[in-house]
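Just so you know, all these numbers are worked out from the coordinates, no wet-lab data involved. The structure displayed is predicted, hence computed values, not measured ones. Cβ: placed from backbone, ideal geometry, glycine included. Neighbour counts: every protein chain shown.
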Amino acid sequence: MLFLKIAITLLVLGGLIYFYRRFIFFTQMRIGKNGKPFRIIKLRTMTQQKDSRGALLPDSQRVTFIGSILRKYSIDELPQIINILRGEMNLIGPRPLPPEYLPLYTPTQARRHEIKPGLTGWAQVNGRNALSWQQKFELDVWYIDNRSFWLDCQIIFLTFKKLLRQNDGDVIAEPFNGQN
C-alpha cells in the first residue's frame with residue numbers, strides 16, 4: 001500500500017508540473033502561535049477560474065482532477081514540512097486558519113493559538129472537514145488541554161491509518177463565519 005501511495009505521489013507531482021508548468025506551489029497567509037501570521041505552503045490543487053464578474057468560482061468548481069487526488073490522500077499538505085522546519089508549525093497541533101477568522105473567534109476558540117499549528121491534529125484524526133467548525137474548535141482546545149507525548153503518538157498513528165485508507169479529503173469545508 002505504501003508503494004502505491006509513493007507511485008501515486010510521483011504521478012501526481014509529474015501531472016502538476018505538466019499542468020501548471022511552473023506554479024505547483026500555493027502559499028497563503030495563516031495564523032500561528034500567539035496570532036503570528038506566516039505563509040503556509042501547499043501543492044496547488046485548484047485553478048484560478050473566475051466568473052463573468054471577475055470573482056473566483058467556488059472551490060468545488062475549481063478543484064482539478066489531479067487536485068482531487070492530492071486532497072484525497074492529503075499529499076497537498078506535504079510542503080508544510082518546510083513550515084515545520086522553519087519553526088512556524090509543529091507536526092501535531094490545530095490546523096492553521098486564515099487571518100480573516102481572527103475577529104470571529106470566541107475567547108475559547110482563540111485558545112487554538114496558544115500553541116503552534118500542526119500538519120495534523122486531534123480534529124483531523126477525528127473527522128477533519130466532515131466536522132462542524134464548533135466540533136473542530138472543541139477538539140483543538142481539548143488537545144491543548146490534554147496534549148502529551150502519548151497523545152501525539154496516538155495522533156500520528158491515527159493519521160497514518162487515515163492516510164492508508166480512503167478518507168474525507170474530498171470534503172471541502174465551508175468558510176468559518178463566526179456562527180457555524
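What is the local net charge at F137, summed over the other residues whose Cβ is closer than 12 Å to its Cβ (Lys, Arg +1; Asp, Glu -1)?
Local charge sum for F137: +2.
What are the semi-axes of the equivalent ellipsoid for the range 2-164, taken as the square roots of 5 times the Cα gyration tensor eigenvalues, largest first, in whole Å?
Semi-axes, largest first: 27, 21, 14 Å.
Fewest Cβ neighbours within 10 Å first, please rank S132, S60, S52 accordingly.
S52, S60, S132
Say the dipole of the range 2-164 comes from +1 at the beta carbon of Lys and Arg and -1 at that of Asp and Glu; which of N90, F38, N146 then lies farthest toward its positive end?
Farthest along the dipole direction, towards plus: F38.
Quick check: residue separation of R62 and I24 times 0.36 nm, minus the Cα distance between them. What number comes out in nm?
Extra length from R62 to I24 when fully extended: 12.2 nm.
Rounded to a whole number, what is D in µm²/s for the range 79-141 from Stokes-Einstein with the Kirkwood radius over alpha-carbon pairs (25 °C, 0.890 mPa s)?
So the translational diffusion coefficient is about 205 µm²/s.
Modelled label-to-label distance, R86 and L102, 7 Å Cα→beta-carbon offset: nm?
Here the modelled spin labels are 1.7 nm apart.
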